[in-house]
Each structure stands twice: as C-alpha cells, then as structure tokens.
Amino acid sequence: MERVLFKYVDEPEQYRIDNYIKNGGYQALPRVLKELPPDELIDLVKKSGVRGRGGAGFPAGMKWGFVPKDIGRPKYLCCNADESEPGTCKDRVLMERDPHMVVEGIIIASYAIQAHTAFVYVRGEFVYPAHRMEEAIKEAYEKGYLGKNILGSGFDLDIIVHTGGGAYICGEETALLSSLEGDRGLSRIRPPFPAIKGLYASPTVVNNVETLANLPHIINRGVDWYRSHGTEKSPGTKIFSLSGNIARPGNYEVDLGTPLSYVINELGGGVPGGYKLKTIIPGGSSTPLLMPDQIDTPLDFESMAQAGSMLGSGAIIVIDERACMVWVAMKLINFYAHESCGKCTPCREGTAWLKQIISRIENGGGQTGDIELILDACKNIMGRTICPLGDAAVMPTESIIKHFRDEFAYHIEHGKCLVKTDYPFE
Amino acid sequence: MILNDATVQNIKARAARYPSRRSAILPALTAAYKQMGYLDADIYLEISRIIKIPYIEIAEAASFYTMFPKHEVGRYLIQVCHNISCSLRGADNMIEYLQSKLDIGMGETTPDNMFTLISVECLGGCSAAPMMQINEDYYEDLTRAKVDKILDELRAKAMQEEK
C-alpha cells in the first residue's frame, strides 16, 4: 500500500528544508501561486473530496468555500495541532518528522482563502513538535516561501506558532479561537460559524494538521490520483494511531476503507500474550465501541457510522480480556470530567456526576439503580451543549453499558470487578 | 522583578506579532512558566505590566490552563499519563512504582526538592505507552529499568548543575 504522508517519515533529517525539497517538497506551492487562482484551487480541493482529519470529517474544500470574499476584513487560517483526543498521536509525528509538508499545506490553504496571517495552535505539552514547526517556518522564510511577495506572486503570508496551556477543549475549533484571543478556552455558540466570524471576529478556517499535509500531494498528483486511494466518499489515505493491548503499537498510514482487522492484525500484530480481544475503541476515546465480530469493518467515515461508531481521529484503542469495563468507563469519564470547560451546565455537571457514579461502582460502592442513573445523565447531556465535548463523554459511556451491562450489574451487586484489572508494569 | 530580561524581551516580541495584544497572554504565561517552573499572582502582575492587560484577565486565563502549576514544584516535574491507552499498558502500576521509588504520594515533592509527581490526562504519546513528561521532555515506552535510569540521570544532572 502506497504511503503518502509517511513516505519519508523514517528518514532521519526529512525535517530540514533541503531534504524536503530534494524529496519533491515545495513543488506544489509555486504551481498554485502561478497557475491556480484561489477559486480554482478551492474547486480542485472540493473535487479531491479530502475530508477533515481531526475527527469530524467535514469536506475541506467546502469549508474554505464558506469564507466570504472581499468583505474588507482580514481572514485567518488556523492549523489545529492541539492533538489531545486520547489515543491520538499522529499530528505530532507529522510535525516532528516532516514539518515542511504541514507548512506547505498551510501556505496553500491560506492562499485559497486569501489569509495573510496563519496560526499553528500546538498543544502546550508538545514542546518538541512546536520547536520543529518554528524551525521549519524560519527556513521557509529564508527561502522566500513565507513573508512578503512569496516567490514573486504578490501573495503575503506570516505564520505564527501559538502553544496552548494543557486543555483538550482547545482542539474544538471555537474554543481554539477563544484561546488564541487570550481568553479561557471556552467554546462558542454557532452560528456564526468561524468561516463568517471567527478569530478577532473575522472569517477564519480551522484545519487539522493531517488535512493540511494532504494538500501538496493533491496539487502535485491530481484529483484522479488522490481519488485512487480510499473510497468514493472517503478518498485518500489516513494515519491511524494504534494503542492499547497490541503487539506493535504505532502510527500506520493506510487507504481509507482498509478493514480494521488489517490494521490491528497485520500491521499491529494483534493482541499479544495469548489474550483474547475484548473490544475496540476505533476512532479516539469519544467514539462508541466496536466488538470483535465487527473487526472487518472498513475504516472509512461511512462504514464506521454504519457499524454504529465513528472514524473520528483514527485512534484505534485495542482492549483485551483483562480489562474490567467499569474501569475503562471510569478512565474515560475521568478525562471528560476534567476537560469539560464548564461553560454548559449539562456537560459541566453531567460529566462530574457520571464520574462520581462510575467511580463509586468501580470502588465497590455502587447502588441499585446506578446504571439507570448513568443512562439518565447521559440522555440529559447528549445534544444539549454548545460543543461536542458533552456528546463525546456520553458516546463511549452509553456504548460500554450497552455491550457490558453485566459487568456493571456484577460490580454493583458484589462490590467488586467481574474481571480484576491489573496490567503489569515491569 | 521576578521575570528576567530574556523572558521580558521574549514576551514583548511575541506581543508585537499578534493582531491583538490579548493574544499574547498565553505566550506570556508560557514564557514565564518556562523560566519559573510555576505561576502565581506576582507573576501575573508582572505580565500585566509588560503587555498592558489588566491583571484580572491574566489571572482568569491562567486559572483555566492546567499545564502550569500554580505553586512551586520540585526541580523536575514528573507528569504521568493515567489515561486509557497508557493504563492498558500498566500506567496504574507505573504510578505505584514511582510513588514507592520516590517515597512520595501523588502531588507531593521529594524532601530534597528534586521531584514532584503528578498524574495528568492524555499527553499524545499513546502508541508509546506507558509514558511520562518530565519538565519539557517526553519519556516513552517505559519500563521499570528505564524509569530507574531516567531518575538516576536526572539526579546526576542536577548534581552537576549545582557544582
């Protein structure tokens, strides 16, 4: 299977501009600036069908198309590098190993929407990836790919790397904008959508790192080539982060539509130690479970939705039979309760209640009716908040109860796990 | 003055780059944290004077972001990921191991002020679990032997720097 974004991922110094150029980098940019007016570029990206790689899967070209033209206000592009969804660790690799591919994508996207300032919002803990991006941007300025009058085209662009302060919510696009403006990272009600009124109340597009990294390749090799990877509705390749109880955890790039079983068993080497596969969280911690009999589900947006889950950010978390699912639910809800920004009552209070109830079950203090109480709280969070964090807490929780209700019931009745979780550290 | 010249210049340079000065709040907090290893009210006040934004807005933003400790911590801040992917690979027992090895509880600092131990939400090192961050650096695919070596090396480095 052809690797596109990861073609040079193992080369030790691909992050340097000379090596990036030697390997075909910065060839798309001059073509775009000389031959493709913004409208045609947007059209081409629409035709490619590339969809957002941050989790929502929204068509990138369509997102750009919403930005109004000639309204006399500056426009902004934000590269979302706030990678924080548990299980996800792919954007970090792109920034560390091949940062110029991301930079070139940012310049192309900025040109498409005619933004003259772009931001890279990197999660604060990613000191090293942020450093790599800073260095790459510096090199790009020196070569004339950034700054005033890029390659004599008359197009100007500055890129600013902005690091976060440790908040999952800032990966949600409106919270990212609040954070960039110097506020607490609270999400904002839509409409207005960022494309109309985003950063500094100006039209803004927020694109994920991996989405942007696809752009130079689409320009260089064309729509037909791009569409030869993946499926009709989910074209291209995708990087999947494989973690949990797996023999070879890591980031793997495959065509969208590749069966989940191929990634888990062929690439990842399956569940090690002779243990049985219990369940899979297929698209980052916010997505509903897939069960072992669903392991052949193709990894594309449509098939995953049909199977009752989501492709999400492509973070596949493999769980073996040693895990108590109440413990898994607790680990997950602890995260969401901690990361809720607190703006919407259903999410702020609801995730805290879920945490309290699930923790007491896990710790032996579960009460009759707790399962119903959890489901009731879930129902009152789902769809009632400004941003998807509340839904993200509910989806795995409901799914775990749906598939493993017996473990919760056993826990409540006996005050202990049906399966005692104890993953060794040696 | 708590913040040194380099930090102040860094903050001013950052502030000049943004279309709005308020956007410099988070970069200023980051720069101050980098120098100090923690943040508190005195630091917010200095940042407020440097970027000319009311103190309360600095404090308000800072209180939201959990990456910055709000009180002094040890020379090395150990942040262990306790999220699902790391937990499936032994993070709970790694936390136990660190506690017993350092002889401190969660959130505590060793008496020699060398290590502070906390656990945090996902750090994006999921495919290299279990993992931890110490100050700015990630340590991944951890084992007992690796943890022992890392802590020994950091102690030796501190001794070297003290000399």
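Things to note:
- Other residues within the sphere of radius under 10 Å centred on the Cβ of residue A:311, judged by their own Cβ, net out at +1 (K and R +1, D and E -1).
- Net charge contributed by nearby residues that have their C-beta within less than 12 Å of residue A:203 (K/R +1, D/E -1): +4
- Dipole of chain A computed with +1 at Lys/Arg Cβ and -1 at Asp/Glu Cβ about the Cα centre; of A:260, A:88, A:336, farthest Cα towards the positive end is A:336.
- The residue list A:169, A:74, A:107 was ranked by how far each Cα lies along the charge dipole of region A:63-189 toward its positive end, using unit charges on Cβ atoms, and A:74 comes out on top.
- 19 Å Cα-Cα threshold exceeded, pairs from A:47/A:233; A:379/A:420; A:276/A:355: A:379/A:420; A:276/A:355
- Based on Cα atoms of region A:325-414, Rg over Rh with Rh as the Kirkwood radius reads 0.95.
- For residue A:228, the shell of other residues with beta-carbons less than 12 Å away shows a net charge of -2, using +1 for Lys and Arg and -1 for Asp and Glu.
- Database remark: amide H of residue B:83 closer than 5 angstrom to the amide H of B:122 (H placed geometrically; neighbours at sequence offset of 5 or more, or on other chains; Pro and chain starts carry no H).
- Phi-based couplings in Hz for region B:97-105 (Karplus 6.51, -1.76, 1.60; Gly and Pro marked x): 4, 4, 4, 6, 5, 8, 6, 9, x
- Under 15 Å from a label point set 7 Å out along the Cα-to-Cβ vector of residue A:39, the amide N atoms of region A:98-115 belong to A:112-114.
- Among the GluC sites (Glu not before Pro) in region A:228-309, those located in a DSSP loop and surrounded by at most 16 other Cβ atoms within 10 Å of their own Cβ are A:232.
- Qualifying trypsin sites (Lys or Arg not before Pro) for region B:1-99 [loop in DSSP, other Cβ within 10 Å: at most 11]: B:52
- Contact order for chain A, expressed relative to its length and based on alpha carbon pairs under 8 Å spaced 6+ residues apart, stands at 16 percent.
- With Cα atoms defining each centre, region B:11-87 and region A:366-426 are spaced 35 Å apart in the structure.
- Computed extension length for residue A:248-residue A:372: 40.8 nm, one decimal, from 0.36 nm per residue of separation with the Cα-Cα distance subtracted.
- Taking every DSSP beta bridge that has both ends in region A:237-320, the antiparallel portion is near 75%.
- Cα centroid separation, region A:37-67 to region A:142-174 (Å): 18
- Measuring nothing but how far apart in sequence close Cα pairs (under 8 Å, 6+ apart) lie, relative to its length, region A:17-227 scores a relative contact order of 30 percent.
- Amide H to amide H distances under 5 Å link residue B:37 with no residue, where only residues 5 or more positions off or on other chains count and H is placed in the peptide plane.
- Reach of residue A:34 by Cα under 18 Å, taken over lysines that are not fewer than 8 positions away in the same chain: A:143, A:148
- Dipole in debye (nearest 20) - region A:33-134, about Cα centre, beta carbon charges: Lys, Arg +1; Asp, Glu -1: 220
- Sorted ascending by nearby beta carbons within 10 Å, beginning with the fewest, A:260, A:389 become A:260, A:389.
- Label point at residue A:201 placed 7 Å out along Cα→Cβ; residues across region A:74-97 whose backbone nitrogen lies under 16 Å: A:74-76
- Gyration tensor analysis over the Cα atoms of the protein assembly as shown returns equivalent ellipsoid semi-axes of 36, 30, 24 Å (largest first, whole Å).
- Between residue B:153 and residue B:110, the simple label model (points 7 Å from Cα in the Cβ direction) yields a spacing of 1.6 nm.
- Cα-based convex hull, region A:225-343, per residue volume (Å³, whole number): 118
- Alpha-carbon Rg with Dmax, taken over region B:76-162, Å: 12.3, 39
- At 1.002 mPa s and 20 °C, Stokes D of region A:17-227 from Kirkwood alpha-carbon radius, µm² per second: 127
- Couplings for region B:109-126, taken from phi via the Karplus curve 6.51 cos²θ - 1.76 cosθ + 1.60 with θ = phi - 60°, read 10, 5, x, 7, 6, 7, 10, 10, 10, 9, 10, 9, 6, 2, 9, x, x, 4 Hz in order; Gly and Pro are left as x.
- Mean projected area in nm² (Cα convex hull; one quarter of hull surface) for region A:159-255: 9.2
- From its DSSP helices (H runs of at least four residues, each -39,500 (n - 2.57)), chain A gives a residue-normalised ellipticity at 222 nm of -12500 deg cm²/dmol.
- Cα-only radius of gyration and Dmax that characterise region B:1-76, units Å: 11.4, 37
Just so you know, all these numbers are worked out from the coordinates, no wet-lab data involved. On a predicted model such as this, the values are computed, not experimentally measured, just so you know. Quick reminder, even Gly has a Cβ in these numbers, built from the backbone with ideal geometry, and neighbours come from all protein chains shown.
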